[in-house]
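> Below: one structure in structure tokens.
The values are calculated or read from the model by the stated rules, or taken from the named source; none is laboratory data. Just so you know, these numbers come straight off a predicted model, no measurement behind them. Note: ideal-geometry Cβ built from the backbone for every residue, glycine included; neighbour counts use all protein chains shown.
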């Protein structure tokens, strides 16, 4: 069983909907990450939070809005997404930003209609 | 800009074979290198982590080596089993980011 829990596992939404992806870890890690993975491609980093503060934003469109309410939770708020945003969204955590390894959840499979 | 390359892209072997997966990177200024396994539709499982000061790490039938000066790492899998079938990704870390290779998809046939 993965130590990083992501919900929901699957999400289908229209381009005008607002939804949120959730990620939770209880390993005491202080760095949390969002990745986007398209089919047969490696994960691409989107955001990094370190000690609950946004440290890295890889020029992600504003229709993706991350939030870190506390050290165990990470959310990704979605609004007005495009069909090309359909992908597997992975959350990960690590003891610190430069301290590996990163532990990954099983992801949320997102489909935009 | 760091670039990570994995060769081969796909590999099919009979059960019981020993095999080597290759990973190369262009910038030797890395903190560490990780090997991951990804099963279809699943997240990534960390297999081995090699710090920049280390030369190799071992876990069970897996052995990973790192040669920073030449920008190369190998993942050696001994006595392969059908359960080893998956995509294997290497990733280098610097300044908190993981830079991934494109992966090697391994099929082990019974």
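> Of the residues A:93, A:55, which single one is within 14 Å of another protein chain (Cβ to nearest Cβ) and either free of Cβ contacts under 8 Å to residues at least 40 places away in the same chain or surrounded by fewer than 21 Cβ atoms within 10 Å (Cβ to Cβ) (or both)? It would help to see each step written out before you state the result.
On the way: A:93 fails: either free of Cβ contacts under 8 Å to residues at least 40 places away in the same chain or surrounded by fewer than 21 Cβ atoms within 10 Å (Cβ to Cβ) (or both).
Result of the check over A:93, A:55: A:55.
> Sort out which residues of the range A:83-103 are assigned to a loop (DSSP other than H, G, I, E, B) and either in contact with a helix residue (DSSP H, G or I) (Cβ under 8 Å, 6 or more places away or on another chain) or modelled with pLDDT of 95 or more (or both), and write them in order of number.
First, the residues of the range A:83-103 that are assigned to a loop (DSSP other than H, G, I, E, B): A:86, A:95, A:97-98, A:100-102.
The one that is assigned to a loop (DSSP other than H, G, I, E, B) and either in contact with a helix residue (DSSP H, G or I) (Cβ under 8 Å, 6 or more places away or on another chain) or modelled with pLDDT of 95 or more (or both): A:86.
> Whether any residue in the range A:104-112 is surrounded by fewer than 21 Cβ atoms within 10 Å (Cβ to Cβ), within 13 Å of chain B (Cβ to nearest Cβ) and in a strand (DSSP E or B) is what I want to check.
Filtering the range A:104-112 for residues surrounded by fewer than 21 Cβ atoms within 10 Å (Cβ to Cβ) gives A:106, A:109, A:111-112.
From what is left, the residues that are within 13 Å of chain B (Cβ to nearest Cβ) are A:106, A:109.
In the following step, the residues that additionally are in a strand (DSSP E or B) were identified as A:109.
Yes: one or more hits.
The rows are residues; the columns are (1) surrounded by fewer than 16 Cβ atoms within 10 Å (Cβ to Cβ); (2) part of a strand (DSSP E or B); (3) away from every other protein chain (no Cβ under 13 Å).
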| residue | (1), (2), (3) |
| --- | --- |
| B:23 | no, yes, no |
| B:30 | no, no, no |
| B:47 | no, yes, no |
| B:65 | no, yes, yes |
| B:69 | yes, no, yes |
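> Would you say residue B:75 is farther than 26 Å from residue A:54 by Cα, in a strand (DSSP E or B), more than 9 Å from chain A (Cβ to nearest Cβ) and out of contact with any helix residue (DSSP H, G or I) (no Cβ under 9 Å at 6 or more places or on another chain)? Please lay out each step first, then the result.
Numbers: farther than 26 Å from residue A:54 by Cα: yes; in a strand (DSSP E or B): yes; more than 9 Å from chain A (Cβ to nearest Cβ): yes; out of contact with any helix residue (DSSP H, G or I) (no Cβ under 9 Å at 6 or more places or on another chain): yes.
When the stated conditions are applied, residue B:75 passes them.
> Of the conditions (1) more than 10 Å from every other protein chain (Cβ to nearest Cβ); (2) not in a strand (DSSP E or B), residue B:42 fails just one. Which one is it?
Checking residue B:42 against (1) more than 10 Å from every other protein chain (Cβ to nearest Cβ); (2) not in a strand (DSSP E or B), the one that fails is (1).
> Is one or more of the residues making up the range B:81-94 in a loop (DSSP other than H, G, I, E, B) and either touching a residue at least 40 places away in the same chain (Cβ under 8 Å) or under 14 Å from the mean Cα position of the chain (by Cα) (or both)? Give the derivation first.
Step one: list which residues in the range B:81-94 are in a loop (DSSP other than H, G, I, E, B), which gives B:81, B:85.
Still in the running and either touching a residue at least 40 places away in the same chain (Cβ under 8 Å) or under 14 Å from the mean Cα position of the chain (by Cα) (or both): B:81, B:85.
Checked the range B:81-94: at least one residue is in a loop (DSSP other than H, G, I, E, B) and either touching a residue at least 40 places away in the same chain (Cβ under 8 Å) or under 14 Å from the mean Cα position of the chain (by Cα) (or both).
> Can you spot a residue in the range B:50-62 that is facing chain A (nearest Cβ under 10 Å), in a strand (DSSP E or B), free of Cβ contacts under 8 Å to residues at least 24 places away in the same chain and surrounded by fewer than 18 Cβ atoms within 10 Å (Cβ to Cβ)?
yes
> How many of the residues in the range B:95-110 are modelled with pLDDT of 95 or more and in a strand (DSSP E or B)?
Of the residues in that region, 7 qualify.
> Another question about this same structure. What about residue B:61, is it touching a helix residue (DSSP H, G or I) at 6+ places or on another chain (Cβ under 9 Å) and under 11 Å from residue B:88 (Cα atoms)?
On the way: touching a helix residue (DSSP H, G or I) at 6+ places or on another chain (Cβ under 9 Å): yes; under 11 Å from residue B:88 (Cα atoms): no.
Judged against the criteria, residue B:61 is not a match.
Results for (1) touching a strand residue (DSSP E or B) at 6+ places or on another chain (Cβ under 6 Å); (2) under 22 Å from residue B:39 (Cα atoms), shown as yes or no for each residue.
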position	(1), (2)
A:18	yes, no
A:27	no, no
A:52	yes, no
A:71	no, no
A:94	yes, yes
A:108	yes, yes
